[in-house]
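What follows is calculated from the coordinates using simple rules that are stated; it is not laboratory data. Remember, it's a predicted structure, so these values are computed and weren't measured experimentally. Positions of Cβ are generated from backbone atoms using ideal geometry, with glycine treated the same way; all protein chains shown enter the neighbour counts.
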Amino acid sequence: MFPVPDTLQTAGLTEKQAMEAAYDEGCRSFTFRKNIYADAEVKQTLISIQHYKCCFCESKIGHIDDGDVEHFRPKAASRQAAGAPFIQPGYYWLAYHWDNLFLACTKCNQRHKGNLFPLQTPGSRALSHLHDVAGEDPLFIHPEHDDPAQHLTFDHENIVPAGNSERGRATIEGLRLDRTELTQHRAEMLSVVKALYDVVALFPEEEPVLREEALRILRLQQLDHTAGKHQYAGMFRAWFRRHPVPQAGSGN
Ligand SMILES: [Zn+2]
């Protein structure tokens, strides 16, 4: 378990209390301090927890970009749908709240999610710190509290995400998790595993030593690629569920 970064509990708490007091005085527009919510310790802790992966698309970020500290519930204003009116204020009281902060790639965060935060029941939206967000029913899959596998799977050669539920479909559509460049990258990553799987099938039963060696490598790939630290682990889990790898000594 990683402790909550200090700055959120000190400066972040002070800012939260000041905004709540200002709201009570009638203020409805707030400014936010990036040097608090995206403080170095906050960012480094998120990087460690998420293995430098975007919380939405599961792409590794670190080799091309620093990534954004993303607010699951938007801090300044929210929107029920793309093009819908802004709802202000946003979730200002959660701007420095640890449970609301994640690491995301700039495409998911800035280009697609932005202020989007659709609810199944728009009327349940918490509009101030006087409301409880526990009464909301968000459509976007929560990166930590929800199990993505319950809401989405992968179709079309196992690289294009498809929703199993309304929430899965809303998340794919809102964040464009089916965008072409992402699909192409997933396909490239999966192609190595697919090739190895096909090689195993090519070995005749009369070549048990070679077949077992290929299987051994495939099992290692499965172990590595389905672990949380791996890029697109969700896609690999879905693929291996559909393509079970014979285990050692199973005789298959
Ligand atoms: Zn992303």
Roughly how many Å is it from the Cα centre of the range 196-248 to that of the range 152-192, as a whole number? 21 Å
Starting from the Cα of residue 60, draw a straight line to each of the lysines and keep only those under 17 Å, dropping any in the same chain fewer than 8 residues away. 43, 107, 229
Take each of the peptides 52-62, 75-85, 138-148, average the number of other beta-carbon atoms within 10 Å over its residues, and list them starting from the highest. 52-62, 138-148, 75-85
Need the list of lysines near residue 16 for cross-linking: C-alpha distance under 18 angstrom, and skip anything on the same chain fewer than eight residues off. 34, 75
